[in-house]
Amino acid sequence: MRVKIGIVTTSDRASANVYEDISGKEIMGTLSSYLLSEWEPVYRVIPDEQSMIEATLTELCDNENCCLVVTTGGTGPALRDVTTEATEAVCQKLLPGFGELMRNVSLQYVSTAILSRQTAGIRNKSLIVNLPGKPSAIRQCLDAVFPAVPYCIDLIEGPFLECNAEVVKVFRPKK
Amino acid sequence: MRVKIGIVTTSDRASANVYEDISGKEIMGTLSSYLLSEWEPVYRVIPDEQSMIEATLTELCDNENCCLVVTTGGTGPALRDVTTEATEAVCQKLLPGFGELMRNVSLQYVSTAILSRQTAGIRNKSLIVNLPGKPSAIRQCLDAVFPAVPYCIDLIEGPFLECNAEVVKVFRPKK
Amino acid sequence: MRVKIGIVTTSDRASANVYEDISGKEIMGTLSSYLLSEWEPVYRVIPDEQSMIEATLTELCDNENCCLVVTTGGTGPALRDVTTEATEAVCQKLLPGFGELMRNVSLQYVSTAILSRQTAGIRNKSLIVNLPGKPSAIRQCLDAVFPAVPYCIDLIEGPFLECNAEVVKVFRPKK
């Protein structure tokens, strides 16, 4: 099975080319450092519109068959922050442990980490994970949660992801 | 913009004057020690009735224009504990990180902290935060979450709160 | 009041006798080591069918009058993992602190702990708690959350559980 990973930046300004999408590139670089398996990014930069985010997540899961879709941006308390809502709307199961751990890790750096509504969930055979919008926080959060990602994808019958053990300590329980 | 902060004690007994509302006064004292900005409390003591709690929260947010509303009481597992339900009903966005952090902090003192269903959320331009009912736990919880409150209020377009850095380390990320 | 505790193993294979239900027995042994009060287990092994799990939980709470019902299995991200959904469907109140603490504790052992969707909640006068499916993780999770269980059952007007203080440090706040 060919490994595709969706990377979705939700940002009114990045999607209007007001500024460069550094966060999406940070995700791309981090995943490249983790993965030994060959993979192909499916990359989207879209505005903070809930219906458009839902449509994009659905397309990447259902049509592109991405086993993993990571988002950046739109998880704060502001009115235009709707990535969390879109994620909850398209997932059949939510995995609250991802958000809990990412907030815990971010709390070591900034007390405003509790304002993040980041979550994760399963849509059919895809895992969707919300990451922070700030580039510097992306690596911190991915380092925390990624060790559980390959086994999660095994459980939902996705491809077997091989990772570089010197960069990320992936864990798969023995059966 | 004039700063108003709602303080809502939900307690059948305090609202019937069976005992004094020490929790509400503890919140008042703690916020006074934090804030350098001038502010005015809007204070209510009401019974544990979900519809009345919802109406009070709505009034403080929509009519009184409180940028922050804190509640005390009604977040446990008992049948009459409905402050969490009322908060969830009136908020457009929930902020699970507040409850997670308050439970974590309270766990350092009592193992029954996991029974608390405290949450927080956004209603329009107001932040609502549930605090514990027990006076001694109020300061512990406020000390933990308040550092994120002024920036949250910035993000929802409320007033700029100035705080006493010797009492509380408020954090605002640089843009 | 006679103390009954429900123990529900949800597993397609254990219910079909493909393998022995070690997890249910682990729960039985752990609770026996905690409790000084006389108690009677009400034990069920059922497949991973949401409607059957809901019916079983309802029966144990409403007909058997179990003050506590613990489940094992069915809280992961796979399609057949529906114990969490069933628990949420039959509870009037959810207690997110149980899941948060169990995931935190399990994270000390395995990074895949964040994949668990374990929760807990109240149905009338019964507390329902999801435990992991893996036998080795059951004791770790029960040791973490059980100290809050007897007081929770007090609050929902169940029986007063007496425990062995040398095995588990139960906490009841002073009124």
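The values are calculated or read from the model by the stated rules, or taken from the named source; none is laboratory data. Keep in mind that what you see is a predicted model, and the values were worked out from it rather than measured. Positions of Cβ are backbone-derived with ideal geometry, glycine not excepted, and every protein chain shown enters the neighbour counts.
Looking only at the range A:61-84, decide whether some residue is surrounded by fewer than 21 Cβ atoms within 10 Å (Cβ to Cβ), free of Cβ contacts under 8 Å to residues at least 40 places away in the same chain, over 30 Å from C:T119 (Cα atoms) and more than 14 Å from chain C (Cβ to nearest Cβ). I'd like the intermediate steps shown before the answer.
The first filter runs over the range A:61-84 and keeps only residues surrounded by fewer than 21 Cβ atoms within 10 Å (Cβ to Cβ), leaving A:62-65, A:78-80.
Applying the additional criterion that residues be free of Cβ contacts under 8 Å to residues at least 40 places away in the same chain yields A:63, A:78-79.
When the remaining residues are screened for being over 30 Å from C:T119 (Cα atoms), the result is A:63.
Retained after the next criterion (residues that are more than 14 Å from chain C (Cβ to nearest Cβ)): A:63.
Scanning the range A:61-84, I find at least one residue that is surrounded by fewer than 21 Cβ atoms within 10 Å (Cβ to Cβ), free of Cβ contacts under 8 Å to residues at least 40 places away in the same chain, over 30 Å from C:T119 (Cα atoms) and more than 14 Å from chain C (Cβ to nearest Cβ), so the answer is yes.
Would it be correct to say that B:V69 is over 30 Å from A:G99 (Cβ atoms), in contact with a strand residue (DSSP E or B) (Cβ under 9 Å, 6 or more places away or on another chain) and outside any loop (DSSP other than H, G, I, E, B)? Outline the logic, then answer.
Values: over 30 Å from A:G99 (Cβ atoms): no; in contact with a strand residue (DSSP E or B) (Cβ under 9 Å, 6 or more places away or on another chain): yes; outside any loop (DSSP other than H, G, I, E, B): yes.
So B:V69 does not fit the description; no.
Please pick out the residue among B:S106, B:S51, B:S136 that is part of a helix (DSSP H, G or I) and modelled with pLDDT under 95.
Working: B:S106 fails: modelled with pLDDT under 95; B:S51 fails: modelled with pLDDT under 95.
B:S136 is the lone residue from the list that is part of a helix (DSSP H, G or I) and modelled with pLDDT under 95.
Restricting attention to the range B:124-145, and to residues there that are within 9 Å of chain A (Cβ to nearest Cβ) and under 13 Å from the mean Cα position of the chain (by Cα), which single residue is surrounded by the fewest Cβ atoms within 10 Å (Cβ to Cβ)? Restricting to residues being within 9 Å of chain A (Cβ to nearest Cβ) and under 13 Å from the mean Cα position of the chain (by Cα), the top hit is B:A144. In the range C:111-120 there is no residue that is surrounded by 19 or more Cβ atoms within 10 Å (Cβ to Cβ), more than 8 Å from every other protein chain (Cβ to nearest Cβ), β-branched (V, I, T) and not in a loop (DSSP other than H, G, I, E, B). Each residue in the range C:85-120 was checked for being out of contact with any strand residue (DSSP E or B) (no Cβ under 9 Å at 6 or more places or on another chain), in contact (Cβ under 8 Å) with a residue 24 or more places away in the chain and either small (G, A, S) or within 21 Å of C:D12 (Cβ to Cβ) (or both), and 3 of them qualify.
Among the listed residues A:Y19, A:Y34, identify the single one that is among the hydroxyl-bearing types (S, T, Y) and free of Cβ contacts under 8 Å to residues at least 24 places away in the same chain. When all the criteria are applied, what remains is A:Y19.
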